[in-house]
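Encoded as structure tokens, the structure appears first; notes follow it.
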Amino acid sequence: MKKILKLIGIILLLPIVAIAGYLILTESSIPPKITKGSQSIVYRSVNGTASENIMKVIELMGGIEKIIGENDIVVIKPNVQWWNHGATNLSALKTLIDMIMNRPGGFLGEAVIAENSHCGSEPWTVEESGWVRIFERNSDIEGINNFYELTNYLKKTYGERYSTIHLIDVAYGEKRVFSPVDGTGYVYCDGTGGVPMISLNNGKTGEDFREVIMTYPVFKTDKGTIVDFKNGIWKEGEYTNQALRFINFATINHHSHYVGATGAVKNYFGVVDISGGGWGKLADKYNNFHSFAYNEWDFGPVPGTMGSEVAMFMNTVRKADLNIIAAEWVGLASRTEPPVSHTRTVLISSDPVALDYHATKYLLYSNSNIAIHNPDNEEGPLRHYLIKCAENGGGIFDETQVEVKSFNLKTDSYQTDDNLAVIGETTWGSDLKTLYKYLKFRINF
């Protein structure tokens, strides 16, 4: 009897297996890119290690000395809320900091890793984060398995020239400040205490009305340098002329049915204060960045408003000098678990919209075949927020106006516009929940 039941079970599973096999083996059809102009540039290196790729792409841009000055304060914002492929590749980040510290012509400034992972008052102790969780992939450095170990290594190597800054939400114990005079904390741009009013509403009425204000951190490095994220370096009661550089160092992965994909644009969520959580108020009547755009963990009343608020932050607080996506691995249905494709790519641009458009289309979607990962899908949340960000001055969405300079380290040659899709070797894993989620997205979207 048991053998008969087992046989019936296998027979019932065969159609599911056949469907899964068909979906897995079916490749997305991506037409060749057409470039008509060059309002933005995406630099790309493929088929090297994460370290080799970032060195090559910086070389394509003219070298680190063309990007970072001798006395600059360089703030690098990675993604440490997650681990594995959901976190910024450790090897690529270490290599970037090594390049800055060993800059041709010398480097007398400081390099800072600053991140708000919204994980409580002591994020460096939270097990379910990139600070503590041991990476199964996306490290590639012997003896270094998470961000805690990486930042300790950087501190021992570079001393006071390097700092790790944990940005903490006011709800978790950080204080609200109005300027560096008040010390370190978060500035709320609500028009009080001499701070400008910088707000955005979604144009709705009644229960669907939302309004968000910009927030930004003020912090002190290990060397004692006061960094006002909006206004620059503060010393002895005034702002100085010392250059503050901001590098937005993101990943590219699947992110839910209501976001689609997470990349350089969404990485700004780790700079602002998100007190109140997914569906809460920041202060008084104002929403935080997440609750402004979404109904907790679902679609919000106005498609794409996440892109609008990030664009406002770029234009009124600070826009990254450089956006980097280290796509060594790309998560097809999760930020931590397989299925995951080994795409072996690093991309850089001053334009986060152009960068996200390219990375989602030619790396994520080309491997996942999931419609919401395609920025050309008119019904997808990804397209909505990238277009809103572009419309509000955050970058260029139209890829015909984006030049791509891509180098293939395996062939030692530049790539052409008809050869940009990167198909990585995919690890499917054995987690049934994540595999089911992948198949569900493939079938339903």
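The values are calculated or read from the model by the stated rules, or taken from the named source; none is laboratory data. These figures come from a predicted structure and were not determined experimentally. Quick reminder, even Gly has a Cβ in these numbers, built from the backbone with ideal geometry, and neighbours come from all protein chains shown.
A few remarks follow.
- When each of Lys223, Lys204 is tested for being surrounded by fewer than 20 Cβ atoms within 10 Å (Cβ to Cβ), in contact with a helix residue (DSSP H, G or I) (Cβ under 6 Å, 6 or more places away or on another chain) and not in a strand (DSSP E or B), the lone residue that passes is Lys223.
- Considered as a group, the residues in region 397-419 that are crowded, with 20+ Cβ neighbours inside 10 Å and of a type outside the set (Gly, Ala, Ser) include one that is farthest from Pro303 (Cα to Cα), and that residue is Phe407.
- Any hit, region 426-443, residues being loosely packed, with under 15 Cβ neighbours inside 10 Å, more than 20 Å from the chain's Cα centre (by Cα), β-branched (Val, Ile, Thr) and modelled with pLDDT under 95: yes
- Looking only at residues of region 226-236 that are in contact (Cβ under 8 Å) with a residue 40 or more places away in the chain and either within 14 Å of Gly185 (Cβ to Cβ) or out of contact with any Phe, Trp or Tyr (no Cβ under 7 Å at 6 or more places or on another chain) (or both), we find that the one that is surrounded by the most Cβ atoms within 10 Å (Cβ to Cβ) is Val227.
A quick yes/no check of all residues on (1) in a loop (DSSP other than H, G, I, E, B); (2) of a type in the set (D, E, K, R); (3) at pLDDT 95 or above; (4) surrounded by 18 or more Cβ atoms within 10 Å (Cβ to Cβ):
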| position | (1), (2), (3), (4) |
| --- | --- |
| Ser45 | no, no, yes, yes |
| Lys56 | no, yes, yes, yes |
| Lys66 | no, yes, yes, no |
| Thr95 | no, no, yes, yes |
| Phe107 | yes, no, yes, yes |
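- Residues satisfying the stated conditions in region 228-271, i.e. hydrophobic (A, V, I, L, M, F, W, C) and more than 22 Å from the chain's Cα centre (by Cα): Ile233, Trp234, Ala243
- Contact map, region 357-380: residues that are over 15 Å from Val265 (Cα atoms) and touching a residue at least 12 places away in the same chain (Cβ under 8 Å) paired with residues that are aromatic (Phe, Trp, Tyr) and in a loop (DSSP other than H, G, I, E, B), Cβ distance under 8 Å, separation 6+ or inter-chain. Pairs shown: Ile370/Phe445; Ala371/Phe445; Ile372/Phe445; Gly380/Phe445.
- Cβ-Cβ under 6 Å pairs, at least 6 apart or on other chains, region 424-445 side small (Gly, Ala, Ser), far side surrounded by 14 or more Cβ atoms within 10 Å (Cβ to Cβ) and assigned to a helix (DSSP H, G or I): Gly424/Asn367
- Among the residues making up region 250-269, those that are part of a loop (DSSP other than H, G, I, E, B) and either at positive phi or aliphatic (A, V, I, L, M) (or both) are Ile252, Ala264, Val265.
- Scanning region 286-323 for residues that are within 19 Å of Cys189 (Cα to Cα) and of a type in the set (Ser, Thr, Tyr) gives Tyr286, Ser291, Thr305, Ser308, Thr316.
- Being surrounded by fewer than 23 Cβ atoms within 10 Å (Cβ to Cβ) and modelled with pLDDT of 95 or more is a property that Asn367 lacks.
- Any hit, region 249-257, residues being in contact (Cβ under 8 Å) with a residue 60 or more places away in the chain, surrounded by 24 or more Cβ atoms within 10 Å (Cβ to Cβ), of a type in the set (Ser, Thr, Tyr) and touching a Pro at 6+ places or on another chain (Cβ under 9 Å): yes
- No other residue among Ser406, Ser334 is among the polar types (S, T, N, Q), within 30 Å of Asp140 (Cβ to Cβ), in a loop (DSSP other than H, G, I, E, B) and touching a Lys or Arg at 6+ places or on another chain (Cβ under 8 Å) apart from Ser334.
- Filtered residues of region 154-171 (kept if in a helix (DSSP H, G or I) and surrounded by 17 or more Cβ atoms within 10 Å (Cβ to Cβ)): Leu154, Tyr158, Arg161, Val170, Ala171
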